[in-house]
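Only one structure is covered here, and it is reproduced in the block below.
The values are calculated or read from the model by the stated rules, or taken from the named source; none is laboratory data. Just so it is clear, the structure is predicted and the values come from calculations on it, not from any experiment. Cβ atoms come from the backbone with ideal geometry, glycine included; neighbour counts cover every protein chain shown.
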Amino acid sequence: MAHSLRQALAQRILILDGAMGTQIYARDLSVEQDYCGCENCTDILVKTRPDVIADIHNAYLVAGADCIETDSFGGAAHTLGEFDLQDECFELNKMAAEIARSAADAHSTADKPRFVLGSMGPGTKLITLDQISWDRLFESYRKQAEGLIAGGADALLLETCQDLLHIKCALNAMIAVLDAKGKSPDEIPLMVSVTIEQTGTMLVGSSIEAAAHALRQYPITSLGLNCATGPAEMAEHIRYLGKHWDRTLTVVPNAGLPELIEGETVYPLNPDEMVEALDRFIQQDGVGVVGGCCGTSPAHIKAMHDAFAGRTPKAVTKSAMKPSSTSLYQPVEHRQDNSILIVGERCNASGSRKFKQLLESEDWDAIVALAREQVRDGSHVLDLNVDYAGRDNAADMREIVKRFVRQVDIPLMLDSTQIATIEAGLQHSGGKCIINSANFEDGEEKFDAMCELACNFGAALVIGTIDEDPQAAMARTADRKFAIAKRAIERATSVHGLSVSDLFIDPLVLPISTGMDDDRRSAAALIEGTRRIAEAFPEVQITCGLSNVSFGLKSAARQVLNSVFLDELTGAGLTSAIVHASKILPLSKIDPEHHRVALHLIYDNREESLGGIGLPALEASTGAIA
Ligand code: THG
């Protein structure tokens, strides 16, 4: 081969092939013999009619396609399982790749090498709707990817994706296959193409913005759109990717929206019309790979070849995607204008009596209602903690996350000390979650395991400033908070490749309400620690469990103390907090005298406190107005 697919992508516009299905159905194949009775299972034709498949590949290669896709769209094991062909998954995919390989090689020249993309379709089961499990889907795509690579595919193309969780699962399977073979995604590129319906979102409701954020951390070479619509309907989504996606962009539309003419489905766009639309994407949006989906033919591909062959991808100016997490549906920026990122604290088995009772009675609908109430109260993200002795925490996490992702439109912060519980949540969340949390309390191994989870699921990560020192595990001084934060940021970014804007440092709020002298100093240490971390790492996020500071105090005093404390922390550089959103007061609503007392408590001003401005005073005076 003259050069690799990756090199070719960098150098010139590549033309994909057109529809496979349309071409197959245009030939009169017999259900009994050609399909072995498996009607519509086009994937079996690589075994029964390799001549037909090779013929279609040839037609596209003659038309000028640089890349052809294997006839394996329905070749994931679970999809083949619908025809009881799951055991043939590896063989069928290997054959599909071999047929395409030999066709491509026969047409390859030094100037124009031809590439084989292993096609992996979505199947008929939606993982976000719980129609298939993560483990089964993973295994299914693992087998398919193994077969495609064994047969000689140059790249794997996960296409017609309708569900972000499905993409994450399949990508993990593909990466596992590459790892096992000692290959990297640099050698066998992973390509992802999503399908945006006419409604403007993916089938399960995700926007292109959510998709881009959820997939950003994966080692994929390209992202793009295929199927569902013609090029016109894709324009605004391609525009977004053109502005923000910093890798290759692919566009593979249908030949327009199908029309039903005299009982037949007709795709209206002719080759010239397709070329005209794609040309705009190439010129304006920097698209690097074009091709055709439903309703396109070798004539469409020939027109693309004649118009685009030899052109270099246009370099367009990109503006960086703002660091964000996402619900299944849309992104939420980690940095909020004029506010911090508010993480609702109430879905926590040890932080809310109400939630604990709802969990015990397994009242899932009421739990969803509690989550939605927090959205109405202004939360940008929802913390979810089901750690509770005597229950199956991973099972609870699953039950709740699978409801939240569909019924609550803000990102989730999965809060647990247990890897298995976090993983259970991630396996049900198509959006980009925040993992809460990693620390060094049990050494680097567990810290690394949490970082790995963040990598595998494209998640952000909270890191608490706790280390292995058994004497003083939780950092209580600004110095230690800063030192542990620095160590954690360096390890998470350089060893694991997480981006610094996806890390949320938690310098740990301890109660100042215990009556113990040492604890009284912890609030001021937290503010100072926050300031130092924010100065040294301006891109990192800084969060905390704010309400911890006032455990045990009366409600009205807590509200004042928490609100004043939050204001001081925000001034020091805090960017986020886990709070009860409706209980945070703006300073304008706090009596100046209460404000003053709270500040004395926070900064541990003893003399004044002894003079009667201590906790009892705050409780007494706020209590009086409560
Ligand atoms: N850092 C990080 N994550 C965290 C914490 C943290 N997660 C959990 C916790 N701490 C933050 N969440 C809460 C939730 C509730 C309360 C405090 C912190 C709380 N609840 C009241 C109480 O217990 O008195 C309300 C009780 C009720 O409604 O029944 O104070 O520090 N990374």
Could you check how many residues of the stretch 515-532 are within 14 Å of the ligand (Cβ to nearest atom) and more than 12 Å from Ile602 (Cβ to Cβ)? 2
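Yes/no per residue for (1) touching a Gly at 6+ places or on another chain (Cβ under 7 Å); (2) part of a helix (DSSP H, G or I); (3) not polar (S, T, N, Q):
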position	(1), (2), (3)
Pro268	yes, no, yes
Glu276	no, yes, yes
Gln283	no, yes, no
Cys293	no, no, yes
Ala299	no, yes, yes
Got a number for residues in the stretch 63-96 being closer than 30 Å to Glu139 by Cβ and either of a type in the set (D, E, K, R) or over 29 Å from the mean Cα position of the chain (by Cα) (or both)? 13
Being surrounded by 23 or more Cβ atoms within 10 Å (Cβ to Cβ), within 14 Å of the ligand (Cβ to nearest atom) and modelled with pLDDT of 95 or more narrows it down to one residue among Leu414, Leu370; which is it? Leu414
Which condition number does Tyr60 fail, the rest of (1) surrounded by fewer than 24 Cβ atoms within 10 Å (Cβ to Cβ); (2) among the hydroxyl-bearing types (Ser, Thr, Tyr); (3) more than 28 Å from the chain's Cα centre (by Cα) being met? (1)
If you go through the stretch 501-513 one residue at a time, do you hit one that is touching a strand residue (DSSP E or B) at 6+ places or on another chain (Cβ under 9 Å), away from the ligand (no atom under 13 Å from the Cβ) and closer than 24 Å to Ser325 by Cα? yes
From the set of residues in the stretch 373-395 that are more than 16 Å from Leu412 (Cα to Cα) and more than 14 Å from the ligand (Cβ to nearest atom), which is surrounded by the most Cβ atoms within 10 Å (Cβ to Cβ)? Asn393
Restricted to the stretch 480-500 and to residues being in contact (Cβ under 8 Å) with a residue 12 or more places away in the chain and charged (D, E, K, R), the residue nearest to the ligand (Cβ to nearest atom) is Lys481
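Residues are listed down the side, and each one gets a yes or a no for (1) closer than 30 Å to Asp186 by Cα; (2) without any contact (Cβ under 8 Å) to a residue 24 or more places away in the chain; (3) part of a loop (DSSP other than H, G, I, E, B):
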site	(1), (2), (3)
Gln7	yes, yes, no
Ala19	yes, no, yes
Gln33	no, yes, yes
Val52	no, no, no
Ile56	yes, no, no
Leu61	yes, no, no
Leu92	yes, no, no
Met95	yes, no, no
Restricting the stretch 434-478 to residues that are under 11 Å from Pro507 (Cα atoms) and more than 12 Å from the ligand (Cβ to nearest atom), which is surrounded by the fewest Cβ atoms within 10 Å (Cβ to Cβ)? Thr477
Determine whether Phe447 is on the phi < 0 side of the Ramachandran plot, assigned to a helix (DSSP H, G or I), in contact (Cβ under 8 Å) with a residue 24 or more places away in the chain and not aliphatic (A, V, I, L, M). yes
Do you know which residues across the stretch 591-620 are modelled with pLDDT of 85 or more, buried (at least 17 other Cβ atoms within 10 Å of the Cβ) and of a type in the set (Ser, Thr, Tyr)? none
Test: residue in the stretch 297-308 that is within 30 Å of Ala110 (Cα to Cα), of a type outside the set (Gly, Ala, Ser), at pLDDT 95 or above and loosely packed, with under 15 Cβ neighbours inside 10 Å: yes
If you go through the stretch 577-586 one residue at a time, do you hit one that is over 32 Å from the mean Cα position of the chain (by Cα), in a loop (DSSP other than H, G, I, E, B) and within 30 Å of Glu333 (Cβ to Cβ)? yes
Subset of the stretch 534-562 that is more than 14 Å from the ligand (Cβ to nearest atom) and in a helix (DSSP H, G or I) - its residue that is nearest to Asn436 (Cα to Cα): Ala534
When you look at Arg521, is it of a type in the set (Lys, Arg), more than 24 Å from the chain's Cα centre (by Cα) and over 25 Å from Ser563 (Cα atoms), yes or no? no
